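Peer 1: To start, I am sharing the structure in question, which I have written as structure tokens.
Please treat every number below as a calculation from the coordinates, not as lab data. What you are looking at is a predicted structure, and each value in this text was computed from that prediction instead of being measured. Here the Cβ is made from the backbone with ideal geometry for all residues, glycine too, and neighbour counts use every protein chain on show.
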Amino acid sequence: MSSQTPLWASADFWRKVAIWVTAGSFVILITLTFDSLAKITPGYKQVPAYNVINREIDYKSDAQHLRYIPIVGKEAPLFGRLWSDSEAEALVTLGKKTVQAKNCMNCHTLLGNGAYYAPDLTRAWLDPNWSSPDEREARMLAFLLDPEKNAVTFGSGRKMPNLGITDKEAHGVVAFLKWMSAIDTNGFPHNFKSINHQED
Ligand code: HEC
């Protein structure tokens with residue numbers, strides 16, 4: 001009787017299919033995991049190395065790519081100095097950890113992820129509301145240290161509360177925001193005018 005059972009109806013066949021599909025999916029999953037890890041590692045094509053905080057950053061519509069792309073330009077010290085690779089990594093990491101510890105995503109989006117109460121922070125470094133590239137660093141620090149007293153209008157009609165960030169952490173956050181603004185996000189956000197060419 002069993003010899004007449006067609007292949008597709010035999011339990012043995014489906015057991016083998018289950019094993020092969022599971023094993024195949026496992027291999028694909030592991031491969032894609034390593035592929036993704038490589039792509040989000042700083043220094044890879046779309047994610048700049050941490051020392052990008054020593055450079056001028058801009059964000060422009062690019063005709064060839066048909067989307068907005070970050071432009072990394074000439075040397076532009078942060079807080080009046082250039083940071084070595086390891087110093088830059090430590091500063092950006094401090095900023096990233098502060099952003100996580102204070103849960104900025106509770107109100108903001110970063111790279112499009114988070115909450116929609118407050119503006120997206122992906123290109124906050126390039127926001128024209130900081131008035132001018134020369135005043136930006138001081139204004140960002142003052143704002144992060146005391147957003148109530150040093151409010152800048154970002155057009156949300158809402159106020160950011162004081163989150164008790166230390167001076168060192170605020171420097172880290174500014175470096176983190178500068179680094180993040182240089183990440184190529186495949187054109188997100190679209191039509192964002194950077195502080196460097198408000199008159200265009
Ligand atoms: C309780 C909500 C809330 C939290 C938490 C919060 N913010 Fe904000 N933030 C706001 C609001 C609201 C604004 C916009 C204020 C305005 O429009 O004048 C803002 C504005 C900003 C801006 C200016 C945005 C721009 O477009 O340039 C920056 C930078 C910023 N926040 C950074 C942070 C960081 C960093 C954290 C975490 C350490 C944080 N915020 C946590 C509510 C919040």
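Peer 1: What size of dipole, in debye to the nearest 20, comes out for the range 65-191 about its Cα centre when the only charges are +1 on Lys and Arg C-beta atoms and -1 on Asp and Glu C-beta atoms?
Peer 2: Charge dipole, the range 65-191, about its Cα centre: 300 debye, nearest 20.
Peer 1: Under the classification rounded if a/c is under 1.5, otherwise prolate if a/b is larger than b/c and oblate if not, where does the chain fall, given a ≥ b ≥ c as square roots of the Cα gyration tensor eigenvalues?
Peer 2: Prolate, because a/c is 1.5 or more and a/b exceeds b/c.
Peer 1: Amide H neighbours of R123 under 5 Å, at least 5 residues apart or on other chains, H built in the peptide plane: list them.
Peer 2: none
Peer 1: Only residues of the range 174-192 count here: report those whose backbone N is under 15 Å from the spot 7 Å along Cα→Cβ of R81, or say none.
Peer 2: Those under the cut-off are 175.
Peer 1: Also, I was wondering about something else. From the phi of every residue in the range 65-72, what ³J(HN,Hα) in whole Hz does the Karplus formula 6.51 cos²θ - 1.76 cosθ + 1.60 yield, where θ is phi - 60° and glycine or proline is x?
Peer 2: Rounded to whole hertz, the list is 8, 6, 6, 6, 9, x, 10, 9.
Peer 1: Where in the chain are the DSSP H helices whose C-alpha atoms run 30 Å or more along the long axis and whose mean Kyte hydropathy is at least 0.0?
Peer 2: 11-39
Peer 1: If R0 is 35 Å, what FRET efficiency do you get for F26 and A90 from their C-beta distance, rounded to 0.05?
Peer 2: Efficiency computed from Cβ-Cβ geometry: 0.40.
Peer 1: What FRET efficiency do you get for S156 and K60 if R0 is 30 Å and r is their Cβ-Cβ distance, rounded to the nearest 0.05?
Peer 2: The formula returns an efficiency of 0.75 here.
Peer 1: Ok, one more. Give me the extension gain from K149 to S132: residue separation times 0.36 nm, minus the current Cα-Cα distance, reported in nm with one decimal.
Peer 2: Here the segment from K149 to S132 would lengthen by 4.1 nm.
Peer 1: Can you give the calculated 222 nm mean residue ellipticity of the chain, where each DSSP H run of n ≥ 4 adds -39,500 (n - 2.57) and the sum is split over every residue, rounded to the nearest 500 deg cm²/dmol?
Peer 2: Here the helix-only value at 222 nm equals -12500 deg cm²/dmol.
Peer 1: Relative contact order of the chain, please, whole-number percent, based on alpha carbon pairs below 8 angstrom and at least 6 residues apart.
Peer 2: Result for the chain is 25 percent.
Peer 1: Related question: Going by amide H atoms built from the backbone, whose H comes under 5 Å of the H on D62, apart from near neighbours?
Peer 2: Amide H neighbours of D62: R67, Y68, I69.
Peer 1: For a quick check: with amide H placed at 1.01 Å from N, whose amide H comes under 5 Å from R55's, ignoring anything fewer than 5 positions away on the same chain?
Peer 2: Amide H neighbours of R55, under 5 Å, 5+ apart: A76.
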